[in-house]
Amino acid sequence: MLELTDVEAWRSFASEQRSKGRRIGLVPTMGALHEGHVSLFRAAKGTSDVVIATIFVNPRQFHDTGDLERYPRTPERDRDLALACGVACLVSPTLDAMWPDYPAPTPTTVTLGALGEVFEGADRPGHFDGVASVVAKLFVITGPCRAYFGEKDFQQLAVIRQMVRDLSFDVDVVGQPIVRDDDGLALSSRNVLLSPEGRRQALGFSRALRHVAEASRSADAQRATLRSVLEDAGVDVAYVEVVDSSTLVPSRDDETGERRALVAGFVEGIRLIDNGPVEVVGR
Ligand code: AMP
């Protein structure tokens with residue numbers, strides 16, 4: 001496995017692979033890798049010819065500096081896991097390589113409009129502009145590729161799809177299902193920050209999503225159920241929503257069909273998100 005920190009070496013590796021007719025699978029991450037990331041590596045390995053994984057804890061997408069400082073970092077373990085998954089090139093660019101102006105703002109950024117300002121974007125102003133701007137750089141440096149993202153970050157996936165369409169990136173975006181622990185908790189790098197009691201509370205997320213997935217009801221009834229299960233579990237709820245899966249527009253109560261439930265909240269001060277499919281039946 002080739003390990004790079006330099007942007008030009010990464011750009012050359014990608015273009016050399018393409019010149020040999022190989023299709024590149026790109027897996028962007030922030031490290032502290034777990035089975036959720038592994039599922040993306042496997043998908044990339046299965047449907048592309050050569051896998052490039054990136055690890056970059058992007059400060060421009062953190063609204064809160066405490067959250068950035070606390071973000072787990074496990075570089076040696078990440079390296080071993082990437083190697084074991086058949087990643088051909090692991091890129092860990094330096095902050096200076098990605099954002100030479102940091103901490104000053106970069107004059108040129110990607111903005112996303114409404115989709116970037118709701119849900120996660122409403123609670124974390126600037127978050128998705130930071131995500132989209134860094135992912136745009138990853139796409140430009142890597143060049144034409146397939147890029148793999150998890151449905152765990154459902155709004156992020158929608159944001160990236162919008163950006164790719166609006167800015168005509170030569171990138172096929174591939175979404176992958178959420179990987180959960182046996183107890184139902186969606187895997188997240190942040191889970192290691194939870195105490196055993198916090199972890200028990202965090203199970204409220206998957207429990208709430210299971211409850212609404214099992215019973216087809218109106219969108220408003222789904223929202224009320226999500227909130228009450230989360231509150232009963234002790235989660236400090238940030239938002240619960242039932243939305244159209246592609247536009248993320250909140251479903252009206254008289255609409256029916258396949259929708260997505262999005263939930264977010266704090267456990268022990270750690271922000272967690274989850275989502276799942278729901279079927280809405282009009283009132
Ligand atoms: P992160 O390192 O948290 O920025 O995540 C990198 C990629 O892994 C993103 O596309 C995430 O959506 C995806 N990911 C994180 N957790 C999971 C999970 N539990 N299941 C599937 N994909 C995930």
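Mind checking the angle between helix 35-47 and the chain's longest principal axis? C-alpha axes, 0 to 90 degrees, to the nearest 10.
60 degrees
Projecting each Cα onto the charge dipole of region 2-176 (Lys/Arg +1, Asp/Glu -1 at the beta carbon, about the Cα centre), which of Val171, Thr111, Ala97 comes out farthest on the positive side?
Highest projection toward the positive end goes to Val171.
Per-residue counts of other Cβ atoms within 10 Å, averaged by peptide: what ranking do you get for 149-159, 244-254, 105-115, highest first?
149-159, 244-254, 105-115
Between Ala84 and Glu8, 0.36 nm times their residue separation minus their Cα-Cα distance comes to what?
24.8 nm is the gain from fully extending Ala84 to Glu8.
Treating the angle as unsigned and between 0 and 90°, give the value, to the nearest 10°, between the Cα long axis of helix 127-142 and the longest Cα principal axis of the chain.
Approximately 30 degrees, to the nearest ten.
Calculate the FRET efficiency for Glu258 and Asp170 from the Cβ-Cβ distance with a Förster distance of 41 Å, rounded to the nearest 0.05.
According to the calculation, E is roughly 0.85.
Report the full-extension gain for the segment Ser246 to Asp96: residue separation times 0.36 nm, less the Cα-Cα distance, to one decimal in nm.
50.5 nm
Return the aspartates and glutamates within reach of Lys20: Cα separation strictly under 16 angstrom, same-chain partners fewer than 8 residues apart disregarded; answer none if there are no such residues.
Asp49
Identify all aspartates and glutamates with a Cα-Cα distance to Lys137 below 18 Å; exclude those on the same chain that are fewer than 8 residues away in sequence.
Lys137 reaches Asp6, Glu8, Asp96, Asp101, Asp129, Asp166, Asp170, Asp172.
Given a 1.4 angstrom probe, I'd like the percentage of the accessible area of region 189-276 that is carbon and sulfur, rounded to a whole number.
C and S fraction of accessible area: 50 percent.
Helix 7-19 against the longest principal axis of the chain: what's the angle in degrees, Cα atoms only, rounded to the nearest 10?
Between helix and principal axis, roughly 90 degrees.
Ignoring ligands, DNA and RNA, what accessible area per residue does the chain give at 1.4 Å, in Å²?
The answer is 45 Å² per residue.
Around Thr106, with a cut-off of 12 angstrom between Cβ atoms, what is the net charge of the other residues, counting Lys and Arg +1 and Asp and Glu -1?
Summing Lys and Arg as +1 and Asp and Glu as -1 gives 0.
For the peptides 255-268, 130-143, what is the packing order when you average, over each peptide's residues, the other Cβ atoms within 10 Å and list the highest mean first?
Going from most to least packed, we get 130-143, 255-268.
Please list, in chain and number order, the residues 5+ apart from Val278 or on another chain whose amide H is under 5 Å from its amide H, with Hs placed from the backbone.
Arg259, Arg260, Ala261
How far apart, in nanometres, would the label points at Ser195 and Thr65 be if each is projected 7 angstrom from Cα along the Cα-to-Cβ direction?
Here the modelled spin labels are 2.7 nm apart.
Could you tell me the distance between the Cα centroids of region 76-134 and region 239-281, to the nearest Å?
With region 76-134 and region 239-281 each reduced to a Cα centre, they are spaced 24 Å.
Nearest 500 deg cm²/dmol is fine: what mean residue ellipticity at 222 nm does the chain get from its DSSP H runs of n ≥ 4 alone, each adding -39,500 (n - 2.57), divided by its residue count?
Only helices count here, giving -12000 deg cm²/dmol.
The values are calculated or read from the model by the stated rules, or taken from the named source; none is laboratory data. Because the structure is a prediction, the values reported are computed rather than measured. Positions of Cβ are backbone-derived with ideal geometry, glycine not excepted, and every protein chain shown enters the neighbour counts. We work out accessible area using only protein heavy atoms, side chains counted, and drop any ligands, DNA or RNA first. Shrake-Rupley method; radii C 1.70, N 1.55, O 1.52, S 1.80 Å.
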